[in-house]
1. Sum up the charges of everything whose Cβ sits under 10 Å from the Cβ of Gly266, counting Lys and Arg as +1 and Asp and Glu as -1, but leave Gly266 out.
2. What ranking, highest mean first, results for peptides 236-245, 90-99 when packing means the other Cβ atoms within 10 Å averaged over each residue?
3. What percent does the relative contact order of segment 2-119 come to when contacts are Cα pairs within less than 8 Å and at least six residues apart?
4. Taking the beta-carbon count within 10 Å as an exposure proxy, list Thr271, Thr349, Thr185 from fewest neighbours to most.
5. Ranking request for peptides 69-81, 325-337: highest mean number of other beta-carbon atoms within 10 Å first, then the rest in descending order.
6. Using packing as a proxy for protection, rank 215-221, 38-44 so that the peptide with the highest average count of other Cβ atoms within 10 Å comes first.
Amino acid sequence: MAFGKAAATNKRFQSFDFLATLIAVVKPDGAVLFANAALEDALGTSRRTLEGSQFGACFHEPAVLRNAIDGAVTHEFATLRYEAFLRRVNHELMAVQVTLSRIEKTGELIIEMSAIENQVRQDREERLIDQAQANKELIRNLAHEIKNPLGGIRGAAQLLQMEVESRDLVEYTQVIIHEADRLQTLVDRLLAPHRRPHVVGDVNIHEVCERVRSVILAEFPRDLHIERDFDPSIPEFRGDREQLIQATLNIVHNAAQALAERRAAGDAQITFKTRVARQVIFNKQWYRLALELHVIDNGPGVPDAIKDRIFYPLVSGREGGTGLGLTLAQTFVQQHHGVIECDSVPGRTDFRILIPLP
């Protein structure tokens, strides 16, 4: 009989399993009636273990939740928001914003929690998406405007070179032609993501990583170590294999170049790490499953001056860099409805690629 009641309760609240936020439904005495899948993942325990237990035990300060529940039960408020710390099974604390509301008909309470760091990340991600779209349109229009007169400048310099006799003047025309060619190459790279068709097929992310690994080790054969930390259960997905190879290669190549001092010392390391992320939100969409590819290096980290602008075109932390590698990588990943994030401190830089899985 108790099993039948539990099944009916789960059925009543099963729609909460489609939410990325953490949800618990509790009785007025604080006992858990239901916990959604996102809460299970966050706490590292099953809903069967949670159901019937006091939900306050999952918090660093149980008394705060107890007072909030008492206030809702006595109608002191309809909805309450506050910040708290959830306690995971491994005893780690997770900062969350708690929203507590009462179901008038049954007296049950819905407790919704969202990770504060996730909310900050989502806000930052939304800004980056909007800025990336604006930059993409600006760069594409600017590249087209530069391209036409550039051809004229180069052509005029060639004609002038044929007419002049002075060797010094010929050197000047050669400088013009060389610089025009360099700018043409830059413009072509800016326009490349918009020219090449999106070729979709089955993609194995570990084959992508192995291809990138072989290319990088061919360039840095002696002084760079590349670790693999793969989740073999990740399924194939539909995507453009060559674009994903190029996106990953751009990130890894940047990392390898940033590791110059570590390579000289003999302890330079890059790690490929793949995982399946569950119940995640990015690009303003909720996804049940997503591929999570980390490219981690033990270099000096991204300079603070450009941390918020590393995906902008022509922004580079390396002397002589074009500042296009990460811009193109972000563009290619966004064409797969994904996103690239960066978390960097001295000694550890982690670029994380997220792409929806079927």
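1. Working: positive: Arg222, Arg262, Arg263; negative: Asp223, Asp267.
Combined, the nearby Lys, Arg, Asp and Glu give +1.
2. Details: 236-245: 18.8, 90-99: 14.5.
The peptides rank, most packed first, as 236-245, 90-99.
3. After rounding, I find 23 percent.
4. Thr185, Thr271, Thr349
5. Working: 69-81: 13.6, 325-337: 21.8.
Taking the mean over residues of other Cβ atoms within 10 Å, the ranking is 325-337, 69-81.
6. Peptide ranking by packing, descending: 38-44, 215-221.
No lab work stands behind these numbers, since they all come straight from the coordinates. A quick note: this is a predicted structure, and the numbers were derived from the prediction, not measured. Methodologically, a virtual Cβ is constructed for each residue, glycine included, from the backbone with ideal geometry; neighbour enumeration extends over all protein chains shown.
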